[in-house]
Amino acid sequence: MSPLLFWILAVVSVGAAVLMITTKNPVRSALALVTTFLCVAVYYITLSAQFIAAVQVIVYAGAIMVLFLFVIMLLNLGAPQALEEKGSLQPVIAWSLGGILLLTLTAARSLFTLNSPQAGANVYEPLGTVRAIGLNLFDPAQPWLFPFEMTSILLLVATVGAIIMAKRQV
Amino acid sequence: MSDLFNGIFPEYWAGIHLPSLVPYIAMVGSFAFVLGILPMLIWIERVVIALMQDRKGPNRVGPRGLLQPPADVLKLFFKEDITPGNVDKWLYYIAPMITVTLAFAGSATLATAVMNFRAENGDVFSLPVSVGDVNVGLLYILGISSLQVYGIILAGWSSNNKYSLLGGLRASAQLISYELSMGLSLLCVVILVGSLKVGSIVEAQNVMPFGIAERPEWWWQMFKGSFLSWFWIGSGLIPVIIYTISMIAETNRAPFDLPEAESELVAGFHTEYSSMKFAMFFSGEYVAMLTVSGLNAAVFWGGSLPPLNILPLTLVPGFIWFIIKIMMGIFLYTWLRATLPRLRYDALMNLGWKRMLPLGLVWLFILAALTLHSEGSKGRDTVPAAPVAEIKAPAVRGTRSARN
């Protein structure tokens, strides 16, 4: 990744993430989250994981966040004052948990080893393609077929459950 | 010279590596084409609809009404730009920008033509002319088209108008529903080709039709890459029908134009937009029409291939064929708009979810089974096992050296 691209991405993605939690308007907050997701997709592309990048855009930015926006708009959460909670413990807990996470990352030294120049150069490029992912995922010699199918069954059960619960309330 | 006559360019010309210029040619060319044809599309639409309704059509401004598009553009530029009260300003201004940006971004992975180059050692190789012929090309286009919901839904919500909101909600429900059928019909072709690159899909149509063997006689060669070997028939007609219906629904055009149904919703999600902001929605819609017609042309109608592989037709450059096929898609849009009445909303949802989606799923399974059957004898292809070890090794070394 060139330094210019890195700085653009870093500023936009971190800025959008900060905006997402600081803005009082829920619609803008959701849009900031979409921007963060798109930046993550670009990160995936720079790591030559093109399939994951495309899926990130289609699933997260294209489907899940649209659902979020639908809910926000239909429940009419637009009024910013409605969201302000007073005397809540949440900011205290959030700050302390964030501090603990930072301490853990510092103690594990993972913050300082990110810069290793070897990690970027040795990414095997064809590994992120649709073909390589498909062939690895469905290869009987690899251990990933069973978890993959279990996940899809889980998703199917969740879909059927959601439909049944929605039908019951009508 | 004979090379250039056959459409083969040298790899190096005056020390410039020509193949690496191809993405820039595609970028500039597609932008120039889209922006140039955009005002003309309105004229084409008016003329075609007038033809079908036995009217004269535009004939006041300039010869054959040809100056009507510039007049329209000037009018849009100089109209008063009204921002209604109580709108969410930020979202209200960004919504048309999102729409038009995504519409232009969508065509980036389309392969508009094929260019041939002669390498230093005399071999001829060909490159698809596209901004980026990445190996997730189709997924990229689907992803961009799934993001197009944002422009519409934000416009509808931020306008602070109940007609806009209803139009925006209708549009997004419609986009989400028809995206699935669109993806399924494209997947049918992906299964046959084994690649998501638009360039390889076009290339895979340059074979003999119906899998018959190749023979050297010209009357036999005539059918290589001809209209009979394109995927509209190669994938069995069902996917191209599903794709064509869902591409019209995806761009919110008649008979699926419920988001802007004039008799019910004034103008739908862009009711409160005027002047250039309305023009951005308008051009976004037309660019999206060009993009989905281009995808239709590239995936199902042979992209830049001529309809028959005989001499006068093969002399025409590939991008001309591609443009002709795109314009046939635009003609289809106009034809449908002039002839079909608007669907009722529940009929629209029933068509998407209860007819096209199950049909597409069944057809996908049939094609998958047939492909598996025909490829069963060839043996499985596998990815070399080496890469996993290659990736792990440097990462472990990296962390160790950092800890020490």
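The values are calculated or read from the model by the stated rules, or taken from the named source; none is laboratory data. Computed from a predicted structure; not experimentally measured. All Cβ positions, even for glycine, are placed from backbone atoms using ideal geometry, and neighbour counts span all protein chains on display. Quick note on the areas: whole protein, heavy atoms, side chains included, nothing else; ligands and nucleic acids left out. Shrake-Rupley method; radii C 1.70, N 1.55, O 1.52, S 1.80 Å.
Heavy-atom surface analysis with a 1.4 Å probe gives chain B a carbon and sulfur content of 67 percent of its accessible area. Span-like helix criteria (full DSSP H runs; alpha carbon extent of at least 24 Å along the helix axis; mean Kyte-Doolittle hydropathy of at least -1.0) are satisfied in chain B by B:22-52, B:89-105, B:137-158, B:162-193, B:275-300, B:318-339, B:357-375, B:386-403.
Annotation: A:LEU156 carries an accessible surface of approximately 110 Å², with a 1.4 Å probe and no ligand, DNA or RNA atoms counted.
The H on the amide N of B:ALA113, modeled in the peptide plane, is under 5 Å from the matching H of B:VAL129, each at least 5 residues off or on a different chain. Summing both sides, the accessible surface hidden between B and A at a 1.4 Å probe radius is close to 3000 Å². For segment B:112-219, the list of chymotrypsin sites (Phe, Trp or Tyr not before Pro) that fall in a loop by DSSP and count at most 15 other C-beta atoms within 10 angstrom is empty. Calculated FRET efficiency, A:ALA158 to B:TRP353, Cβ-Cβ distance, R0 = 22 Å: about 0.70 to the nearest 0.05. Taken about its Cα centre, the protein assembly as shown carries a charge dipole of roughly 820 debye when the Cβ of each Lys and Arg holds +1 and the Cβ of each Asp and Glu holds -1. Accessible surface calculations at 1.4 Å, restricted to protein heavy atoms, place the protein assembly as shown at 56 Å² per residue. Distant-in-sequence amide contacts of B:MET208, defined by a placed amide H-H separation under 5 Å and a gap of 5 or more residues or a different chain, comprise B:GLY225. Simple point charges give the picture: +1 on the Cβ of Lys and Arg, -1 on the Cβ of Asp and Glu, and for chain B a dipole about the Cα centre of about 460 debye. Averaging 1/r over each pair of different alpha-carbon atoms in chain B and inverting the result gives 23.6 Å, the Kirkwood hydrodynamic radius.
Restriction of the trypsin sites (Lys or Arg not before Pro) in segment B:208-305 to DSSP coil positions whose beta-carbon has at most 14 other beta-carbons within 10 angstrom yields no sites.
Restricting the trypsin sites (Lys or Arg not before Pro) of segment B:69-143 to loop positions (DSSP other than H, G, I, E, B) with no more than 14 neighbouring Cβ atoms within 10 Å leaves B:LYS79. Measuring heavy-atom accessible area with a 1.4 angstrom probe and counting protein chains only, the residues of segment B:144-173 that give up at least 50 Å² relative to the chain alone are B:LEU147, B:TYR150, B:ILE153, B:TRP157, B:LEU169. Entry for the protein assembly as shown at q = 0.06 Å⁻¹: log10 I(q)/I(0) = -0.37, Debye formula applied to identical alpha-carbon scatterers, no solvent contribution.
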